[in-house]
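Enquirer: One structure, pasted below without further comment.
The values are calculated or read from the model by the stated rules, or taken from the named source; none is laboratory data. Model, not experiment: these values are computed from the prediction. Ideal geometry is used to build each Cβ from the backbone, glycine not excepted, and the neighbour counts take in all protein chains shown. Just the protein is used for accessible areas: all its heavy atoms, side chains included, with ligands, DNA and RNA removed. Shrake-Rupley method; radii C 1.70, N 1.55, O 1.52, S 1.80 Å.
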Amino acid sequence: MSAVVDRPRGPWPLRDVLVVAVLAAVFGFLYWALVQAWGGLQVAMGPLGDLAQNVLMGGWITVAPLAVFVVRRPGAGVLAEIGAAFVEFAFLGSPVGPMLLLAGAVQGAGAELAFAATRYRRFGWPTFLVAGVTGVTASFLWAGTVQHWWTQDLLLLRAGLQLASGLVLTGVLAKLVAEALLRTGVLDAFAAGRAAALDDADTHADADGTEAAGQGSEARSR
């Protein structure tokens with residue numbers, strides 16, 4: 001169970017800025033690799049190859065909920081997605097070019113909306129899954145407008161594939177990565193690590209209280 005705590009306030013400390021920048025850089029490379037997979041999937045899907053983008057779309061939004069989870073500050077998801085998009089086109093030569101920055105902003109804002117609705121206080125599975133849905137919804141509206149999907153016969157199939165991609169590649173994958181990072185201890189100095197420590201302390205306190213109550217009942221029964 002995730003602890004419900006107030007989000008950090010005030011100016012961003014340098015460590016939060018740096019961790020969002022590192023996440024953006026790492027995922028910028030991963031997103032570029034996903035572009036290469038996109039080409040292969042297009043070929044593998046044959047006549048439905050145009051739908052490959054929708055199958056993979058959630059993978060290009062994974063860093064947004066992860067960044068928000070780690071630092072728990074408004075704008076972290078948007079900044080991480082824009083940063084990853086910048087790495088993609090500026091250093092790795094994405095064919096989309098600078099338009100990728102706008103797409104990243106839309107996707108990051110969409111995914112972050114789920115956390116904003118909880119005032120950045122809830123980071124459990126439901127919030128991550130909703131972030132996957134809101135992230136791909138924003139992306140779908142943006143891409144559909146730019147790429148003129150609205151009159152196509154496969155519009156509903158596109159929407160279904162993108163929704164599934166958001167749930168799995170944005171929501172589930174980001175949550176699994178977040179939990180894995182927590183277990184390594186690398187997030188101990190960040191808001192996510194502090195919340196996990198509080199959660200553990202509360203769990204141990206509850207366990208100790210239950211044990212003490214049980215011992216007291218046993219003593220009274222003798």
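Enquirer: Determine whether Pro65 is assigned to a helix (DSSP H, G or I), out of contact with any helix residue (DSSP H, G or I) (no Cβ under 8 Å at 6 or more places or on another chain) and either under 14 Å from Lys175 (Cβ atoms) or of a type in the set (A, V, I, L, M) (or both).
Expert: In short, no.
Enquirer: Continuing with the same structure: Being over 18 Å from Ala195 (Cα atoms), touching a Gly at 6+ places or on another chain (Cβ under 7 Å) and either assigned to a helix (DSSP H, G or I) or free of Cβ contacts under 8 Å to residues at least 40 places away in the same chain (or both) is the requirement here; does Val43 meet it?
Expert: So Val43 passes the test.
Enquirer: May I ask you to verify whether Gly171 is at pLDDT 95 or above, within 13 Å of the chain's Cα centre (by Cα) and either under 25 Å from Phe89 (Cα atoms) or β-branched (Val, Ile, Thr) (or both)?
Expert: Taking the combined requirement at face value, the residue satisfies it.
Enquirer: Then there is this: Here is a list: Pro98, Pro126. Which entry is closer than 24 Å to Val17 by Cβ, open to solvent by 50 Å² or more (accessible area, probe 1.4 Å) and not β-branched (Val, Ile, Thr)?
Expert: Pro98 is the lone residue from the list that is closer than 24 Å to Val17 by Cβ, open to solvent by 50 Å² or more (accessible area, probe 1.4 Å) and not β-branched (Val, Ile, Thr).
Enquirer: Given the options Ala131, Ala164, name the one that is open to solvent by 10 Å² or more (accessible area, probe 1.4 Å) and out of contact with any Lys or Arg (no Cβ under 8 Å at 6 or more places or on another chain).
Expert: It is Ala164.
Enquirer: Here is a further query. Residue under question is Val68, and the condition is that it be at pLDDT 95 or above and either more than 29 Å from Ala197 (Cα to Cα) or of a type in the set (Lys, Arg) (or both); does it hold?
Expert: no
Enquirer: Considering only residues that are assigned to a helix (DSSP H, G or I), at pLDDT 60 or above, open to solvent by 60 Å² or more (accessible area, probe 1.4 Å) and among the acidic types (Asp, Glu), which ones fall in the range 175-210?
Expert: Those that are assigned to a helix (DSSP H, G or I), at pLDDT 60 or above, open to solvent by 60 Å² or more (accessible area, probe 1.4 Å) and among the acidic types (Asp, Glu): Asp200, Asp202.
Enquirer: Here is a follow-up. Any idea which residue in the range 134-151 is nearest to the chain's Cα centre (by Cα), counting only those that are within 17 Å of Leu167 (Cα to Cα) and crowded, with 16+ Cβ neighbours inside 10 Å?
Expert: So the residue we want is Gly135.
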